[in-house]
């Protein structure tokens, strides 16, 4: 769908010392928005919304790590917004939130006329989520441009990450635009799914054991940010 025909826009800002992206999904018809992973200098995103006359009605959390939620309270003080996250992430996090909206995978969230699909994508944490609107996917720490989230932190599971990415390979159209949780890209901060299938090493493995070896023992020794494309041959040779 051409950008000019979309009934929504995605505004992004790179904030904080860990190159986090904070996103606004702006529904044009209602001038309302969802903010995704409010963190760090979140006032810059809130000021952007105010300057455009956009009301933030919803907060979408991809997961509960501190670098993605440390602006949550400030956002709640600014906007009377509903907080959305997956039920298994709420259990993993254990935070005392006031009336959060808990989701399962395949749920939908409506922002004005814009429909957002909730994808359960465990691996980085048990309840990690991606949010799909139109041909855009806000991926949190599930997927980066030519990378994927760590699985050695609390709640991480590399075998779950393998299954998550395997499922995404079968279900996402090649034209899907990936909006990652961190800016680890060599050039453009976004990428389409077809390009990721060709060059993201974590999408090259056919066997869970090879993926786990690469994610847990090889990757951080052979690659550093910014991440460039890796061929399937290079990735598979790395675990031999």
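All of the numbers you see were taken from the coordinates with simple rules; none came from a lab. Just so it is clear, the model here is predicted, and its values are computed rather than measured. Cβ: placed from backbone, ideal geometry, glycine included. Neighbour counts: every protein chain shown.
Candidates in region 137-178 are the residues that are part of a helix (DSSP H, G or I) and touching a strand residue (DSSP E or B) at 6+ places or on another chain (Cβ under 7 Å); of these, the one that is nearest to residue 214 (Cα to Cα) is 161.
Restricting attention to region 1-37, the residues being without any contact (Cβ under 8 Å) to a residue 40 or more places away in the chain and touching a strand residue (DSSP E or B) at 6+ places or on another chain (Cβ under 6 Å) number 6. Applying the selection to region 55-74, what residues are part of a helix (DSSP H, G or I) and in contact (Cβ under 8 Å) with a residue 40 or more places away in the chain? Within region 55-74, 67, 68 qualify.
Selection of region 161-178 for residues being surrounded by fewer than 19 Cβ atoms within 10 Å (Cβ to Cβ) and either within 25 Å of residue 18 (Cα to Cα) or in contact with a helix residue (DSSP H, G or I) (Cβ under 8 Å, 6 or more places away or on another chain) (or both) yields 163, 169, 173, 174, 175, 177. When we screen 89, 77 for residues that are within 21 Å of residue 56 (Cβ to Cβ), touching a residue at least 40 places away in the same chain (Cβ under 8 Å) and not in a strand (DSSP E or B), the only hit is 89.
Once region 114-127 is narrowed to residues that are part of a loop (DSSP other than H, G, I, E, B) and in contact with a strand residue (DSSP E or B) (Cβ under 6 Å, 6 or more places away or on another chain), the residue that is surrounded by the most Cβ atoms within 10 Å (Cβ to Cβ) is 121.
Please go through region 96-107 and give me each residue that is surrounded by 13 or more Cβ atoms within 10 Å (Cβ to Cβ) and in a loop (DSSP other than H, G, I, E, B), ordered by number.
Step one: list which residues in region 96-107 are surrounded by 13 or more Cβ atoms within 10 Å (Cβ to Cβ), which gives 97, 100-103, 105, 107.
Passing the criteria: 97, 100, 105, 107.
Looking across region 179-197, the residues that are under 23 Å from residue 233 (Cβ atoms) and either surrounded by 15 or more Cβ atoms within 10 Å (Cβ to Cβ) or in contact with a strand residue (DSSP E or B) (Cβ under 6 Å, 6 or more places away or on another chain) (or both) come down to 184, 185, 191, 192, 193, 195, 196, 197.
Every residue, every condition in (1) in contact (Cβ under 8 Å) with a residue 40 or more places away in the chain; (2) over 16 Å from residue 149 (Cα atoms), yes or no:
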{"position": "202", "(1), (2)": "yes, no"}
{"position": "209", "(1), (2)": "no, yes"}
{"position": "215", "(1), (2)": "yes, no"}
{"position": "221", "(1), (2)": "no, no"}
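Of the listed requirements (1) in a strand (DSSP E or B); (2) free of Cβ contacts under 8 Å to residues at least 60 places away in the same chain; (3) touching a helix residue (DSSP H, G or I) at 6+ places or on another chain (Cβ under 9 Å), residue 132 misses just one: (3).
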